[in-house]
Amino acid sequence: MTENIQTTFPEINIKKDALLSQYTFTHTGGPADWLAFPKNVDEMKQLVTYAKEQQLPITVLGNASNLIVKDGGIAGLVLILTAMKDISVSDSTVTADAGAAYIEVTKVARDHSLSGIEFAAGIPGSVGGAVFMNAGAYGGETRNVISKATVMDRDGNIFELNNQELDFGYRHSAVQDQNLIVLSADFGLIPGDYETIKAQMDDLNARRAAKQPLDLPSCGSVFKRPEGYFAGKLIHDAGLQGYTSGGAQVSKKHAGFIVNINNGTATDYLNVIHHVQQVVKEKFGVELETEVRIIGRDK
Ligand SMILES: Cc1cc2nc3c(=O)[nH]c(=O)nc-3n(C[C@H](O)[C@H](O)[C@H](O)COP(=O)(O)OP(=O)(O)OC[C@H]3O[C@@H](n4cnc5c(N)ncnc54)[C@H](O)[C@@H]3O)c2cc1C
């Protein structure tokens, strides 16, 4: 029934049985039945409406920097939004498409001497992923700077949600609860001084490079910060740094990261995650909950 999705939408880049490990930051993950790269909202709407009619499940990805896609891949249609990446500036508002890199948004803001979003200078996700996750770093969070998001529901309806309606929490937003697709976001910033903004961004990036294993594939911090603790410190204190399963390893540089050191699979990642959760629970009685999203089917 869905065999003709490529011929139905000849103008959209759609691949069949496309290996997602080519796109994920961990370099792991099996194939998507169908993988499409919509270029604009109109193409998104066509695909979402078609998928609904065909009862084809849809999974939306941005930069795939906060994901473990299981080795069996993802059923149905996967949309990667990185071709929707326009960024524009009007007064002190920066508007960015969902697929724009968050890092690019911070550079555009800096180049227009707009302050407030410096914290995101090194967050490697897309704008859509940042809204979905309420991404944050160094005391800043997406919720502090976003004025509204334009979203689509799974019927193809498009509407706006303001900051309050986005219902942000720690690594949480209404986008998760309502199963919405982020199309774009407006960031309300404040005029500042270019050199000061640049210095702040450079400093945060230097601190990141000093602490994080940026030379190896990873998905950032794997676990949420448990109430009253730091996940990285618990993992370090449990003696788990360097723990390896297959090609996935608890980073020796930053205990909160799991790096792909040698063609690791999603199964290797999941084995390391489960081991870390088990040992930390045994030693400290703390349940580590994953921040990284684990999606897809088993092999
Ligand atoms: C080296 C490294 C450092 C990192 N540092 C930080 C950090 O400091 N702070 C931080 O918060 N995170 C950090 N991350 C994690 C990650 O970059 C963020 O969570 C980011 O917001 C995820 O965006 P993404 O586009 O990569 O999302 P993806 O990984 O593609 O997707 C994550 C989730 O968001 C959903 N999603 C993505 N786009 C959309 C959309 N348009 N509409 C609806 N749902 C969508 C996906 O379905 C998925 O459930 C880091 C990751 C790495 C690899």
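None of the figures in this text is laboratory data; all of them are computed from the coordinates on show. Keep in mind that this is a model prediction, so the values were computed, not measured. Neighbour counts are summed over all protein chains in view; Cβ atoms, including those assigned to glycine, are modelled from backbone coordinates with ideal geometry.
Numbers at a glance
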{"item": "Members of the range 104-135 that are within 16 Å of residue 203 (Cα to Cα) and crowded, with 18+ Cβ neighbours inside 10 Å", "result": "106, 110, 115, 116, 117, 118, 119, 120, 121, 122, 123"}
{"item": "Complete set of residues in the range 105-120 that are in contact with a helix residue (DSSP H, G or I) (Cβ under 7 Å, 6 or more places away or on another chain) and under 20 Å from residue 86 (Cβ atoms)", "result": "105, 106, 110, 117, 120"}
{"item": "Unmet requirement for residue 219, which otherwise passes all of (1) part of a loop (DSSP other than H, G, I, E, B); (2) exposed (fewer than 15 other Cβ atoms within 10 Å of the Cβ)", "result": "(2)"}
{"item": "Residue 221 of a type outside the set (Phe, Trp, Tyr), within 16 Å of the ligand (Cβ to nearest atom) and closer than 20 Å to residue 136 by Cα", "result": "yes"}
{"item": "Filter result (more than 30 Å from residue 45 (Cβ to Cβ) and among the hydrophobic types (A, V, I, L, M, F, W, C)) within the range 179-217", "result": "190, 197, 199, 201, 204, 206, 209, 210, 214, 216"}
{"item": "Residue among 270, 288 that alone is away from the ligand (no atom under 15 Å from the Cβ), under 22 Å from the mean Cα position of the chain (by Cα), assigned to a loop (DSSP other than H, G, I, E, B) and surrounded by 17 or more Cβ atoms within 10 Å (Cβ to Cβ)", "result": "288"}
{"item": "Candidates 24, 95, 59, 49 - the one that is part of a loop (DSSP other than H, G, I, E, B) and hydroxyl-bearing (Ser, Thr, Tyr)", "result": "24"}
{"item": "Meets criteria (surrounded by fewer than 24 Cβ atoms within 10 Å (Cβ to Cβ) and free of Cβ contacts under 8 Å to residues at least 60 places away in the same chain) for residue 90", "result": "yes"}
{"item": "Count of residues meeting criterion [assigned to a loop (DSSP other than H, G, I, E, B) and basic (Lys, Arg)] in the range 222-250", "result": "2"}
{"item": "Among (1) surrounded by fewer than 19 Cβ atoms within 10 Å (Cβ to Cβ); (2) over 20 Å from the mean Cα position of the chain (by Cα); (3) on the phi < 0 side of the Ramachandran plot - the single one residue 228 does not satisfy", "result": "(3)"}
{"item": "Residue list for the range 158-199, restricted to those being without any contact (Cβ under 8 Å) to a residue 60 or more places away in the chain, in contact with a strand residue (DSSP E or B) (Cβ under 9 Å, 6 or more places away or on another chain) and on the phi > 0 side of the Ramachandran plot", "result": "167"}
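Yes or no, residue by residue, for (1) within 25 Å of residue 8 (Cβ to Cβ); (2) within 8 Å of the ligand (Cβ to nearest atom):
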| residue | (1), (2) |
| --- | --- |
| 23 | yes, no |
| 29 | no, no |
| 34 | yes, no |
| 41 | yes, no |
| 50 | yes, no |
| 92 | no, no |
| 105 | no, no |
| 128 | yes, yes |
| 134 | no, yes |
